[in-house]
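Here's the structure we're looking at; comments come further down.
The values are calculated or read from the model by the stated rules, or taken from the named source; none is laboratory data. Computed from a predicted model, the values in this text were never measured in an experiment. All Cβ positions, even for glycine, are placed from backbone atoms using ideal geometry, and neighbour counts span all protein chains on display. Keep in mind that these areas ignore ligands, DNA and RNA; they rest on the heavy atoms of the full protein, side chains included. Shrake-Rupley method; radii C 1.70, N 1.55, O 1.52, S 1.80 Å.
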Amino acid sequence: MTRLLGIHGVRNYKAADTTPGLGAKRLRADWLEALGDRIPGLDLETAYYADLLRSERQSDELDGADVVLIEQWARAWGVDPSGVQGRATGWVRWVCGQVARRSGQRPAVVEKTVRMFFPEVGRYFAGRRAAVRERVRGALLRHRPDIVVAHSLGSVVAYEALHGLADELDVRLLLTLGSPLALPHAVFHRLDPVPRDGKGTRPAVVRRWVNVADAGDFVAIPRGELARVFPGVEELPEISIAPAWPHGVRDYLRHRTVVETITAGLRAG
């Protein structure tokens, strides 16, 4: 039996998640359904922190901090966000439309993802980081995984939590999916530990780190940059998980490349 811990990304809070345990149980069922029976001998658990990043606002309007992150993300796509005046809905729509043209995605899909993703990223870095990391650290120490699979913002949390565990774990494989870790300024330059000379470091408890991203995943950018700024990371060729929304964790988990990478991790001693 090989232990795998899944670490989720943004917008995973549900009203039924009245306790972190119930949220983790629901997510575990989702991940197991996506993986199916293709990976024998798998003991899977999920770390749940979605309640800690939940918005306390009644609307989905973006605040000033969210807008700054979107500007930084747009520049990583080569979009000058000063092309439209103001910071209201029209500005967000224009920026997302420009990114959609470059990524080959529908503008509405890009805008929806941006509105889901950056508010939680902002809340994580603005004051909820310690609580989220402690929750994930607890899950890591309880489950003591051989493999960690981290999606989206979860890859940022996993990176930081694993760095804080020194010699307490032995993780054969860290598999990051749709990761924004290399996104300059919005994420990369805010990491703990702080990158030095433009480089991050693989957590000492991780033997092997593999990164996978959909070719149209507009969160996992700059494309191909993660392996450059984190030496030792294996960047697998871009894949296509789902044309309608290329950032969903269940579509990543269903993809043959992801399953094969996990299976290879099971065989690794």
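Results for (1) modelled with pLDDT of 95 or more; (2) more than 12 Å from the chain's Cα centre (by Cα), shown as yes or no for each residue.
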| site | (1), (2) |
| --- | --- |
| 133 | yes, yes |
| 138 | yes, yes |
| 141 | yes, yes |
| 147 | yes, yes |
| 152 | yes, no |
| 155 | yes, no |
| 159 | yes, no |
| 162 | yes, yes |
| 166 | no, yes |
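The rows are residues; the columns are (1) part of a loop (DSSP other than H, G, I, E, B); (2) surrounded by fewer than 23 Cβ atoms within 10 Å (Cβ to Cβ).
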| position | (1), (2) |
| --- | --- |
| 193 | yes, yes |
| 224 | yes, yes |
| 246 | yes, no |
| 251 | no, yes |
| 265 | no, no |
request  = Out of 10, 84, report the one residue that is aliphatic (A, V, I, L, M) and free of Cβ contacts under 8 Å to residues at least 40 places away in the same chain.
outcome  = 84
message = I'd like to verify a number: residues in segment 226-244 that are assigned to a helix (DSSP H, G or I) and hydrophobic (A, V, I, L, M, F, W, C), how many?
response = 3
request  = Kindly indicate whether any position in segment 128-141 is under 24 Å from residue 75 (Cα atoms) and not small (Gly, Ala, Ser).
outcome  = no
ask   = Among the numbered criteria (1) surrounded by 21 or more Cβ atoms within 10 Å (Cβ to Cβ); (2) out of contact with any Phe, Trp or Tyr (no Cβ under 6 Å at 6 or more places or on another chain); (3) not basic (Lys, Arg); (4) not in a strand (DSSP E or B), which single criterion is violated by residue 10?
value = (2)
ask   = Is it the case that some residue within segment 70-80 is within 20 Å of residue 217 (Cβ to Cβ), free of Cβ contacts under 8 Å to residues at least 40 places away in the same chain and part of a loop (DSSP other than H, G, I, E, B)?
value = yes
inquiry  = Return the residues of segment 195-222 that are open to solvent by 30 Å² or more (accessible area, probe 1.4 Å) and in a loop (DSSP other than H, G, I, E, B); say none if nothing qualifies.
reply    = 197, 198, 201, 202, 204, 215, 222
ask   = Mind checking whether some residue in segment 48-58 is free of Cβ contacts under 8 Å to residues at least 12 places away in the same chain and part of a helix (DSSP H, G or I)?
value = no
key: Filtered residue count, segment 156-178, keeping only those that are open to solvent by 10 Å² or more (accessible area, probe 1.4 Å) and either without any contact (Cβ under 8 Å) to a residue 40 or more places away in the chain or part of a strand (DSSP E or B) (or both)   = 7
query = Hey, any hits in segment 105-119 for a residue that's of a type outside the set (D, E, K, R), more than 22 Å from residue 215 (Cβ to Cβ) and touching a residue at least 40 places away in the same chain (Cβ under 8 Å)?
reply = yes
Count of segment 201-244 residues which are over 23 Å from residue 185 (Cβ atoms) and of a type in the set (S, T, N, Q) = 1
ask   = Out of segment 93-108, which residues are modelled with pLDDT under 90 and in a helix (DSSP H, G or I)?
value = 102, 103
request  = Kindly indicate which of 50, 16 is among the aliphatic types (A, V, I, L, M), surrounded by 15 or more Cβ atoms within 10 Å (Cβ to Cβ) and modelled with pLDDT of 90 or more.
outcome  = 50
key: Test: residue 121 is among the β-branched types (Val, Ile, Thr), part of a helix (DSSP H, G or I) and more than 14 Å from the chain's Cα centre (by Cα)   = no
task = For segment 158-200, enumerate the residues that are closer than 17 Å to residue 235 by Cα and out of contact with any helix residue (DSSP H, G or I) (no Cβ under 8 Å at 6 or more places or on another chain).
result = 159
inquiry  = Just checking, does segment 129-147 include any residue being touching a Gly at 6+ places or on another chain (Cβ under 9 Å), more than 23 Å from residue 62 (Cα to Cα), aliphatic (A, V, I, L, M) and open to solvent by less than 30 Å² (accessible area, probe 1.4 Å)?
reply    = yes
